[in-house]
Amino acid sequence: MSRVFVITGPSGVGKGTLIALLRERVPQLELSVSATTRAPRPGERDGVDYHFLGEEEFDARVAARDFVEHASYAGRRYGTLRSELARRTAAGRPVVLEIEVQGARQVRTSLPDAVQVFIAPPSTGALRERLLGRGTDGEQEVRRRLAVAEQELQAQPEFAHVIVNDRLQDAAEQLVALVRGALANAAGQSAALD
Ligand code: 5GP
């Protein structure tokens, strides 16, 4: 049943902002905190924004099959820990994952009932401006991320749900409607099984 939501799309497209707006409107939605080997950005907190792991620890956890999905992205590793997901779904609450495209592909196999949404930019130019404008990454990092984004944008047709983040409020409305619809559907399905 559709109680896990995967929000994917290129870096800089506004996934994080859209998820924050979504969670204001659907407060029962839990956000899965990913693990990463990248360094914390100023203000990011361990265990809140990410579980920050060293390369060796990340490798060990891959070997221990601790991840639902994991991927390399712009030279760093990212992954969703099974324990993190289990802890949040155990409370009976729906969960949202914010992940890149390779991870979303893996989730299609490991969690086939998850609802996957691809967030697309209105144009590559708009994505570049956003990545540069948010000022979280240096110029070289922005270049790397844009190169990855070119590939990620080609994955768009793989996704049944695509939301173009042109006007933020419109995109947020579409996401809220989609998530509410899927949750109502899942509730209907479980009532029918009772
Ligand atoms: P950032 O470094 O900007 O926080 O994240 C870089 C990219 O990694 C973003 O597209 C983000 O959505 C993705 N990401 C974050 N957490 C995960 C994760 O657990 N798994 C995967 N596959 N990607 C992730």
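What follows draws every value from the coordinates through simple rules; no lab data is involved. A quick note: this is a predicted structure, and the numbers were derived from the prediction, not measured. A quick note on method: Cβ atoms are made from the backbone with ideal geometry, for glycine too, and the neighbour counts reach across all protein chains shown.
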Seminar exercise, completed: Rounded to the nearest 500, the 222 nm mean residue ellipticity computed for the chain from DSSP H runs (n ≥ 4, each -39500 (n - 2.57)) alone is -15000 deg cm²/dmol
Problem set entry | Directionally averaged shadow of the chain, computed from the convex hull of its alpha-carbon atoms, nm² | 11.1 nm²
Problem set entry | Positive-end residue, the chain charge dipole about Cα centroid, Cβ charges, pick of His51, Pro112, Gln154 | Pro112
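In the range 41-107, what is the volume of the convex hull around the alpha carbon atoms, normalised per residue and reported in Å³? Please report the intermediate quantities before stating the final value.
On the way: hull volume 7.1 nm³, N = 67.
With only Cα atoms used, the range 41-107 gives 105 Å³ per residue.
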Problem set entry | Separation of alpha-carbon centers, the range 23-60 and the range 70-113, rounded to whole Å | 12 Å
For this session: Go through the range 44-61 residue by residue and turn each phi into a ³J(HN,Hα) via Karplus (6.51, -1.76, 1.60, θ = phi - 60°); whole Hz please, and just put x for glycine and proline.
Result: 6, 10, 5, x, 10, 8, 8, 8, 7, 10, x, 4, 5, 5, 4, 4, 4, 6
For this session: Return the long-range amide H neighbours of Gly12 (sequence gap of 5 or more, or a different chain), with a cut-off of under 5 Å between placed amide H atoms.
Result: none
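To the nearest 20 debye, what charge dipole does the range 1-124 have about its Cα centre, counting +1 at the Cβ of each Lys and Arg and -1 at the Cβ of each Asp and Glu? Mind dumping the intermediate values first?
On the way: 17 positive and 15 negative charges, 68 e Å.
It comes to approximately 320 debye.
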Exercise. Non-local amide H neighbours of Val164 (under 5 Å, H modeled in plane, Pro and chain starts lacking H): which ones?
Worked result: Ala120
Exercise. For the range 123-129, in order, what is each residue's ³J(HN,Hα) by Karplus, 6.51 cos²θ - 1.76 cosθ + 1.60 with θ = phi - 60°, in whole Hz (x at glycine and Pro)?
Worked result: 6, 5, x, 5, 5, 4, 4
Seminar exercise, completed: Residues whose modelled amide H sits under 5 Å from the amide H of Leu31, counting only those 5 or more places away in sequence or on another chain, are Val96
Exercise. If you plug each phi of the range 88-103 into the Karplus form 6.51 cos²θ - 1.76 cosθ + 1.60 with θ = phi - 60°, what whole-Hz ³J(HN,Hα) values come out, in order, with x for Gly and Pro?
Worked result: 7, 6, 4, 6, x, 9, x, 10, 10, 10, 10, 9, 7, 5, 4, x
Problem set entry | Dipole in debye (nearest 20) - the range 73-194, about Cα centre, beta carbon charges: Lys, Arg +1; Asp, Glu -1 | 380 debye
Exercise. If you project the alpha carbons of the range 114-177 onto their three principal axes, what span does each projection cover, largest first, in Å?
Worked result: 36, 25, 20
